[in-house]
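K.L.:
Structure provided below as structure tokens; questions to follow.
The values are calculated or read from the model by the stated rules, or taken from the named source; none is laboratory data. Keep in mind that what you see is a predicted model, and the values were worked out from it rather than measured. Because the Cβ atoms are built from the backbone with ideal geometry, glycine has one as well, and the counts that use them run over all protein chains shown.
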Amino acid sequence: MSNYTNPLTQMALVPATTQQSSGTNSKGGTWFEAMARAWGEALDNQANIIQQESDQLNNQGTDMPSAITELTAQSQKMGFLSNSSHSAISSVGEALSTMARKQ
């Protein structure tokens, strides 16, 4: 039995070197967790944009094609972000799992 430790495995388990300094929301963790949080924040931001666009349509009653098209575009962007976040987190998670098995 060898004491060799794969450097990629060590890197995967290293805590994130930067922390968010936003008071009580300050979170450490691994870079994988930081990546997942960043994707979550991006999705939250896009959801807020969609909510604002939707509220604007409902409150102002502007059923203008340009406003509807903008809401559709923002919704498509949310779909792209959602698919990308799923792919990125799944791919990295699988890679980490594979590295852990090869130890």
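K.L.:
Residues that are touching an Asp or Glu at 6+ places or on another chain (Cβ under 9 Å), charged (D, E, K, R) and part of a helix (DSSP H, G or I): does region 32-51 have at least one? Spell out the reasoning first.
P.N.:
We begin by selecting, within region 32-51, every residue touching an Asp or Glu at 6+ places or on another chain (Cβ under 9 Å); these are none.
Scanning region 32-51 turns up no residue that is touching an Asp or Glu at 6+ places or on another chain (Cβ under 9 Å), charged (D, E, K, R) and part of a helix (DSSP H, G or I).
K.L.:
Right, another one. Can you tell which of Gln51, Gln56 is at pLDDT 95 or above and of a type outside the set (A, V, I, L, M, F, W, C)? Reasoning before the result, please.
P.N.:
On the way: Gln56 fails: at pLDDT 95 or above.
Answer to the check: Gln51.
K.L.:
Let me ask something else. Determine the pairs where a residue that is over 16 Å from Trp31 (Cα atoms), located within region 81-103, has a partner that is part of a helix (DSSP H, G or I) and among the aliphatic types (A, V, I, L, M) with Cβ atoms under 8 Å apart, the partner being 6 or more residues away or on another chain.
P.N.:
If the second residue must be part of a helix (DSSP H, G or I) and among the aliphatic types (A, V, I, L, M), the pairs left are Leu81/Ala42; Leu81/Leu43; Ser82/Leu43.
K.L.:
Could I ask something else about it? Which of the following residues is at pLDDT below 90 and outside any loop (DSSP other than H, G, I, E, B): Thr24, Thr62, Thr69? Steps first, please.
P.N.:
On the way: Thr62 fails: outside any loop (DSSP other than H, G, I, E, B); Thr69 fails: at pLDDT below 90.
None of the other options fit; the residue is Thr24.
K.L.:
Taking the condition of being closer than 18 Å to Met35 by Cα and among the β-branched types (Val, Ile, Thr), how many residues in region 66-102 meet it?
P.N.:
Of the residues in region 66-102, 2 are closer than 18 Å to Met35 by Cα and among the β-branched types (Val, Ile, Thr).
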